[in-house]
Structures are given as structure tokens and as C-alpha cells.
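Novice: Okay, here's the structure, questions in a sec.
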């Protein structure tokens, strides 16, 4: 088997299958959509033809049975029903598994006989089939799902110029793009060093200064160009969610109206690849824990169908991804009680939790409000993975809720992970870097704003905001910085106010991992500054946690 031909087939066929799934969901919402039917039929026909060329008879046979069913639907010999859409979607799942076997250079095994018989029976039935899925694996056919955001047609693969077809896209292995991005990262570091060296010249050299400025512009342009090559639309991240919502809502017996916005917003490929699982869990969590049953919603004077909104929003150099529902919201007291029962927090810790701290308990490993585990939830696994993934991607996770109104969980990520803007700061004689994305503002420290209570130190930023005070001298050097006796400055982050000796300035950096560190670490990695020095990049969340643990131990 020619591996290059196989990879081309799998890439194209997976795209066809994804498009067919979107068309199937659109067809379920609008059974008279002949264009969607024709598109699904063409997809299976193409998949079957390629499988025949690759000599994969089980895949050919499976696609052929689905093609037969679709042909009868397309010719209007049979009506489009939920049972037939269920069979088509589950048939697609089997093809996905067969693709996975092919990718491992194994011949796909035969599809499940029971489902195959169901598909052939649905294709042979002349009378209108009942609008149910009793013959398929369990699911509640009474639940309905509709998607407000229309599924856009596939982008054209080629344009015509002068009567000849011209390819408008080119497939490039992701590893090659990563290699180019790494080289650009090295150029960024060299640019920083050149700029620093020119600035340190004892006698100003106009020619060198001009070269440094031009180099800065050219490297920045190259960096932006390569970054755009790695950008992908959030549509790729969202495309599986309508199917997830459809299946889970049926299983739970809930009616759900799904809205998707911002599919064209672009973000780094690394984020798209890493977020598929966590985003799916957030959606399942909203369906299971957030949205009520139709009966409960009617009793609360709400529409029977709950609203689940998933959106991507472009915010300057960041992208914000939101999962919002209009369900019952989150009860902070229930969260605290469950955390106490499971031993996640002590009674003393629970008493000192702020409202936001109580909400963030759902991101602790092993936490769940379910009494018994189910197929969807209850094992305390999932939300902690969402938090862990967000932190790894240098993102920020926030949660807002209102009783009876719903919950909003938002994740903010930098547009690209290849280059990290950092703020250099000094703690006595040591220089560190802190990601700019974790910083809200800089602050002049005033001693009268510092408050100490039960071993905890906080800082009153203004009349409405009080945050934990995190002394980086105490954490990194085991010697607290002394306000009033030493020069100190404040860096306000989402985790608290970090006390440092001096803020030095910001710079684009390239993160290098610290492979020799194991377990929990206070550092995200290291970079090379413009002066050529290795500088450790601090992890704001880890520093805040270390500060909280130190305060807890001092009590």
C-alpha cells in the first residue's frame, strides 16, 4: 500500500465525512433539504471509491450499505426520519473507526453486524419508518436539537484561470510548519540581542541603528506571516459539537437549542488540537448539570428548550471561547459542602473561601456534585482537565454564574503560542520573566493598603477590589521583600498582586521547556533575554498557589 496515497485518501475522506455529518444534522432539521442529501451521498460514494482502490473490502461494503440508504432517500422512495438519520450518523462513527485502522496500516475489520442489519432494513422499508430509534442503541427520541448557526459550504479547492484549473491551497505537513516557526523563534531572539547590543553602544552609530530598526521590521513581518500559516478557524474546533449536543440531549431527555458564533475567528493550531476534548467536556457538563429538563424549565417559567451558546470572540491579541447556558446556575454552597464531604478542602479552608474560590472548586481533581457516576459525569474527571489544558496553553479560565439564570465559562488564549510576550522583572539581584497575558496592570505599593488577617496578607487595590499579596522574595528566595526598607513595585495579575524589586521592561520571547524539572514547578520554562542571559519564566498560577500554601502553613 502506497503510504502517500493512503495519507491523502484519509485526509480527504475525513474532511468529507465531517462535512457529511454536518449535512446530516442539517437534514434532520430540514428533511426537505435535497442539496444536503445529495452532498452526503456524494461523500459516501467518494469514500467507497477510494476504499476500493486501497483494497479495503469491509470499508467498501459498509459505505455501500449507507450509500444504498441515501440513494433511496435522495430519490424520495423513503422519507427522512430520525431513525434513518441515527443510522447514518452511527454508520459514520464506524467509518471513523475504520479510518483509524487504515491509518495504522491495518485492514479495517467488518462493521458491527447488528447496526449493518438495521441500516439495510431501513433502506428496504417501503412504508414510512416510525420516527424513533428503537432499533438503535438507547437514546431519547423525544429530545430535539436545533442549531441556529448554519453550516457553511466547503471552501472551493481550486480556482479557474485562463480556462485552466489552478490549485488554491496546498497541504503542508504540520511538522514542517513547526520547524519554520522554531527557526523564526531563533531569529526573534537574535533580533532582541542585536537591538540590545546596538542600544548599549557607547557611541551612537546611526548606520547600525538603522540596520537594527530594519531588522526589527523584517523579522516582525516574517514572524506574523508564519504565525498566520499556523492559524486555523474555530470552525474546526466547533464542528463536532452539534453531534455531541444532539446525542447527549437525547440521552438526557432534554430539549436544547444550540447557537454557535465566531466560527471564522482564527487561533493557533496547537490550541485547536488541544481544546477538542476539554471543550466537548464543557458542553456535556452544561447539558448534564446546567440545563434543566423540559418539565423543570416550565415550572421555572422558562421555555422548554434550553439555550446552549458556544462562541469565539477576537480580543486584540487574544481569542476568547465561551460556553454559556441559560440553566439553573451553580450553587456555591453545594460546591463547598461537596468539597468538604470529599476531603478536597478542610472546614477551615472552606470558611475562608471567597465566592470565586468556591466556584473554582469544580476544577479540582476528583470533584463532582453527582452522588453516583453515570456515562456522562460523576467521576470527578473532566473539569480538572479543562483547567490543566488551559494553563498549559497559557490561557485564562473564568466562570460566572447566576442562580436560575445560567452559567458562563470562558477561556482566553493568546493568538499564537510560538512567541510569548513577557515582562522582565527583578527580585533583588535575580531577573525573571512573567507572561504579559497574565498581567492586568502595574501598581505602586502603599504600605497602608496592606492588610493582614489570620496569616493571610491582602492588598486593597481600590475601594472595590482587594487581592492576595504574593511576595516573590519570600517564595523564590525565602526572604520576604520588606516594604519601606527595600525598593518594591507591584504587578497586578488575575492571581493577586505580585511584589517585586523592580519592573525592567517587556520583550517578545521564545519559551524553552525545562525538561529536568519534574512534578509541580514555579516556572513555565526559560528564555534568552536581549542581553543573551537565560531567564526563567514564572508561572503566575503556581506562584499564587505557593503563596496561599505558605499563608495556610503560617496559621
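Novice: Output the number of residues of segment 465-480 satisfying the condition of being more than 17 Å from residue 490 (Cβ to Cβ) and either out of contact with any helix residue (DSSP H, G or I) (no Cβ under 8 Å at 6 or more places or on another chain) or at pLDDT below 85 (or both). Can you show your working first?
Specialist: Pass one, segment 465-480, residues more than 17 Å from residue 490 (Cβ to Cβ): 477-479.
Imposing the further condition that a residue be either out of contact with any helix residue (DSSP H, G or I) (no Cβ under 8 Å at 6 or more places or on another chain) or at pLDDT below 85 (or both) reduces the set to 477-478.
Here the count works out to 2.
Novice: Going by the conditions given, is residue 311 under 30 Å from residue 418 (Cβ atoms) and not in a loop (DSSP other than H, G, I, E, B)? Please lay out each step first, then the result.
Specialist: On the way: under 30 Å from residue 418 (Cβ atoms): yes; not in a loop (DSSP other than H, G, I, E, B): yes.
Criteria met by residue 311.
Novice: Going through segment 373-391 one residue at a time, which ones are touching a helix residue (DSSP H, G or I) at 6+ places or on another chain (Cβ under 8 Å), within 19 Å of residue 538 (Cα to Cα) and at pLDDT 85 or above?
Specialist: 387, 389, 390
Novice: Could you list all residues from segment 183-206 that are over 14 Å from residue 528 (Cα atoms) and exposed (fewer than 13 other Cβ atoms within 10 Å of the Cβ)?
Specialist: Of everything in segment 183-206, those that are over 14 Å from residue 528 (Cα atoms) and exposed (fewer than 13 other Cβ atoms within 10 Å of the Cβ) turn out to be 183, 199, 200, 201, 202, 203, 204, 205, 206.
Novice: Scan segment 65-80 residue by residue and report those that are touching a residue at least 40 places away in the same chain (Cβ under 8 Å) and either more than 16 Å from residue 120 (Cβ to Cβ) or in a helix (DSSP H, G or I) (or both).
Specialist: Taking segment 65-80 as the starting set, the residues that turn out to be touching a residue at least 40 places away in the same chain (Cβ under 8 Å) are 65-66, 68-69, 72, 74, 77-80.
Selection gives 65, 66, 68, 69, 72, 74, 79, 80.
Novice: While we're here: Looking at segment 228-283, what strands (runs of 3 or more DSSP E) fall wholly within it and have at least 2 residues that are within 11 Å of the chain's Cα centre (by Cα) and in the same structural domain as residue 394 (by TED's automatic domain parsing)? Let's see the steps before the verdict.
Specialist: Details: elements: 231-233, 256-261, 266-268.
So the answer is 266-268.
Novice: Is one or more of the residues making up segment 471-486 in a strand (DSSP E or B) and more than 20 Å from residue 522 (Cα to Cα)?
Specialist: Step one: filter segment 471-486 for residues in a strand (DSSP E or B), giving 471, 483, 486.
Now drop any that are not more than 20 Å from residue 522 (Cα to Cα), which leaves 483, 486.
Taking every residue of segment 471-486 in turn, at least one turns out to be in a strand (DSSP E or B) and more than 20 Å from residue 522 (Cα to Cα).
Novice: If you don't mind, another one. Looking at (1) free of Cβ contacts under 8 Å to residues at least 60 places away in the same chain; (2) within 30 Å of residue 322 (Cβ to Cβ), which one does residue 226 not meet, given that it meets all the others?
Specialist: Here residue 226 meets the rest and fails (1).
Novice: Inspect all residues belonging to segment 207-223 and state whether any of them is surrounded by 15 or more Cβ atoms within 10 Å (Cβ to Cβ), modelled with pLDDT of 85 or more and part of a loop (DSSP other than H, G, I, E, B).
Specialist: No: zero hits.
Novice: Here's a follow-up. Would you be able to tell me the number of residues in segment 407-434 that are touching a helix residue (DSSP H, G or I) at 6+ places or on another chain (Cβ under 7 Å), in a strand (DSSP E or B) and crowded, with 22+ Cβ neighbours inside 10 Å?
Specialist: Residues that pass the stated criteria total 8.
Novice: Still on this structure, please answer the following. Check residue 32 against each of (1) more than 17 Å from residue 123 (Cβ to Cβ); (2) part of a helix (DSSP H, G or I) and name the one condition it does not meet.
Specialist: If we test residue 32 against (1) more than 17 Å from residue 123 (Cβ to Cβ); (2) part of a helix (DSSP H, G or I), just (2) comes out false.
Novice: Could you check segment 525-541 and list, in sequence order, the residues that are at pLDDT below 85 and either in a helix (DSSP H, G or I) or out of contact with any helix residue (DSSP H, G or I) (no Cβ under 8 Å at 6 or more places or on another chain) (or both)? Walk me through how you get there before you give the answer.
Specialist: The first filter runs over segment 525-541 and keeps only residues at pLDDT below 85, leaving 530-532, 541.
The answer is 541, and nothing else.
Novice: Moving on. Pairs only if they're at least six apart or on different chains, beta carbon under 7 angstrom, first in segment 284-295 and assigned by TED's automatic domain parsing to the domain that holds residue 245, second in a helix (DSSP H, G or I) and at pLDDT below 90; list them, first residue then second.
Specialist: Here the result reads 285/383, each pair linking segment 284-295 to a residue that is in a helix (DSSP H, G or I) and at pLDDT below 90.
Novice: Check 332, 309, 298, 320 and return the single one that is within 28 Å of the chain's Cα centre (by Cα), surrounded by fewer than 20 Cβ atoms within 10 Å (Cβ to Cβ) and farther than 23 Å from residue 274 by Cα. Before you say what the answer is, go through the steps one by one.
Specialist: On the way: 309 fails: farther than 23 Å from residue 274 by Cα; 298 fails: within 28 Å of the chain's Cα centre (by Cα); 320 fails: farther than 23 Å from residue 274 by Cα.
Testing whether each residue is within 28 Å of the chain's Cα centre (by Cα), surrounded by fewer than 20 Cβ atoms within 10 Å (Cβ to Cβ) and farther than 23 Å from residue 274 by Cα leaves just 332.
Novice: Right, something else. Check segment 236-256 and report whether any residue there is over 30 Å from residue 293 (Cβ atoms) and either touching a strand residue (DSSP E or B) at 6+ places or on another chain (Cβ under 7 Å) or without any contact (Cβ under 8 Å) to a residue 60 or more places away in the chain (or both). Can you show your working first?
Specialist: Within segment 236-256, the subset over 30 Å from residue 293 (Cβ atoms) is 236.
Remaining after also requiring either touching a strand residue (DSSP E or B) at 6+ places or on another chain (Cβ under 7 Å) or without any contact (Cβ under 8 Å) to a residue 60 or more places away in the chain (or both): 236.
Checked segment 236-256: at least one residue is over 30 Å from residue 293 (Cβ atoms) and either touching a strand residue (DSSP E or B) at 6+ places or on another chain (Cβ under 7 Å) or without any contact (Cβ under 8 Å) to a residue 60 or more places away in the chain (or both).
Novice: Just need a number here: residues in segment 492-505 that are surrounded by 15 or more Cβ atoms within 10 Å (Cβ to Cβ) and in a strand (DSSP E or B). If you could, list the steps in order and put the result at the bottom.
Specialist: The initial filter retains those residues of segment 492-505 that are surrounded by 15 or more Cβ atoms within 10 Å (Cβ to Cβ), namely 492-501, 503-504.
Add one more test, that the residue is in a strand (DSSP E or B), and what stays is 492-493, 496-500, 503-504.
The qualifying residues number 9.
The values are calculated or read from the model by the stated rules, or taken from the named source; none is laboratory data. Because the structure is a prediction, the values reported are computed rather than measured. Glycine gets a Cβ as well: all are built from the backbone with ideal geometry, and neighbour counts include every protein chain shown.
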